[in-house]
Every structure is written in C-alpha cells, then in structure tokens.
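Undergrad: Here it is, the structure, as structure tokens.
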Amino acid sequence: MTPTLGVVVPARNAAATIGSTLTALRDVAGVELDVVVVDGESTDETAGIAAAMGARVVRQTPRGIYDAVNCGLRIVAGEWLTYINADDVLYADVLAARLKNAASHDVAYGPVDFIDHAGRQLHRWHSARPNHLLSVYQAGMSPLLQQGTLFRRPTFERLQGFDTRWQLVADADFWFRSLEQGFRFQRTTTHSVAAFRMHAGQLGRLRACESAEEHAAMAESHGNRRSWPGTLTALAWRAENWPSYVRRLSRAAFSLGGCRSLGSYALGPR
C-alpha cells in the first residue's frame, strides 16, 4: 500500500521563498502527498503562488505559527504528518524510504542541512539517538530539528496538537511530550532529510532571547529533571556534531567558497 503524507506549510508574506519549498514537493515518488498552505493574511503573492503550484490554501487571521500548524494538520490528508516553514525544504527523494523504514514507529527523524539564503549548504546537524532524546530534553536542550521529523496522525491526535501557550518552542514541547508518553522514534543517519534556511529575517534570530527564555519555561513545566547522566548524554550528542561546529566557526571568521558569513547564530538547538 502506498504511504500517505500530509504536509502543512504555515506562511505569511513568504512569496520570496515559498516557491522553492513547494517545488521540492512536486514530484514525490512512492508517496501519496497532500499539501496545505495556511496563509496568515499575506499582503504579497504568497497565497497565489501556492495555489498556482497545486497546494490547497487556507487563509486565516494570524494567531501565531503553531495555531496555523494545528489548523492545517487537522484538515490535511495523510496517515503520516509534518509541517515545514515556507522558507525551508523537505527532501522529497527520500520520503518513501523514510516512511518504509519507520513502518513500526510513530516518529521518524534525521539529519538536517543548514543552508543560506541562496540554498547553499552551510553545515549538517544530526539529532540525538532515540534512546538519548528524553535525557537531552530533560537536560534543558532540544535534540530534534522540526524540519527533519515526520509523525503519525494518532501521535498528533493523542497529544491534541501543538500547545499554543508556547509561541516559539511548541515544537520542542510536542516532542518532549511524545517521548514522555512513550511514542516510538526512528532515526535516519545515512542522509539528510530536510534543509533549514538561515537568513536575517528569521523569527528564531529576531527573537532569540525570548525563545531561550520560553524554552527554559517550557522545560520547567515538564519538571526539568536535570541530572549529571543527562547532562553528559547531551554533551555526547553535541560532540557527535563536531564537524558542524568546525564549519560554523570557520564561516563566522571567514567567507569561504563564495558564501558570505551569516553572522553570529546559535551553535545548535538549545
């Protein structure tokens, strides 16, 4: 049976990038795909571009990204679900293999490429191992990147969607709750599964301090059971990403290969 995947793209004034996000989802072999763009009353051509590219477009008053994500995930078709921002990329050529390999799991995730405004790769980031995820969350960090995740519809329904109390870190809270409730996670390590675009107008960059404060409050709401074993596990996960740190530190000091530095940004998920 052909696997089915529903992809939600929350967007507002994303005409400059949504085309590349949707183009990547046009020719998906071996997967039945449904794409819904939730447009937050854009004043540019975001909705028109999305409709012209075959996506279903839902327009609603902006009430935060996770409200838009919940709206889209409730109406999109698919046994498997995900969302991706309108400036990021989901690699379609590996979707069928990912869903096949995750057949006995609830959540699938894998490495994510960080790219610049022009789509050039900056570095690759690996999420933590499945048996380490909860410990890293409890240590106050986020060991998963949303762009690299797929999850089953019952996971979304049982968790009642993303908690909109958190305006900036509801995705981290969603995975934290998934792990606490015993959902089964499957990690791909052989290839990147998505790309996260770095640019100056990025919400996470513009509200970095606020995001850090909200993340701390979110972790505290889960009990934030820090321990030395958990902290050591988190440090081991970061150590596995040493090539990423080297490339980022190099780019912060030099312009390499014709790619300009993006300036300072976090050395990995909190």
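The values are calculated or read from the model by the stated rules, or taken from the named source; none is laboratory data. Since the structure is predicted, the reported quantities are computational estimates derived from the model, not experimental observations. Methodologically, a virtual Cβ is constructed for each residue, glycine included, from the backbone with ideal geometry; neighbour enumeration extends over all protein chains shown.
Undergrad: Report every pair of residues separated by at least 6 positions or lying on different chains whose Cβ atoms are under 6 Å apart, first residue within region 1-30 and closer than 13 Å to ILE84 by Cα, second acidic (Asp, Glu).
TA: GLY6/ASP34; ALA11/ASP39; THR17/ASP87
Undergrad: Return the residue satisfying two criteria in turn: it lies in region 137-171 and is touching a residue at least 40 places away in the same chain (Cβ under 8 Å) and over 17 Å from the mean Cα position of the chain (by Cα), and of such residues it is nearest to LEU73 (Cα to Cα).
TA: The extreme case among them is PRO154.
Undergrad: Here are some residues: THR164, THR189, THR149. Which one is surrounded by fewer than 18 Cβ atoms within 10 Å (Cβ to Cβ), at pLDDT 95 or above and among the hydroxyl-bearing types (Ser, Thr, Tyr)?
TA: The unique qualifying residue is THR164.
Undergrad: I need the full set of residues from region 91-132 which are in contact with a Phe, Trp or Tyr (Cβ under 8 Å, 6 or more places away or on another chain) and charged (D, E, K, R), in order please.
TA: ASP106, ASP113, ARG124, ARG129
Undergrad: Right, here's the next one. With the structure loaded, tell me whether THR43 is β-branched (Val, Ile, Thr), exposed (fewer than 14 other Cβ atoms within 10 Å of the Cβ) and closer than 23 Å to ARG98 by Cβ or whether it fails that test.
TA: Criteria not met by THR43.
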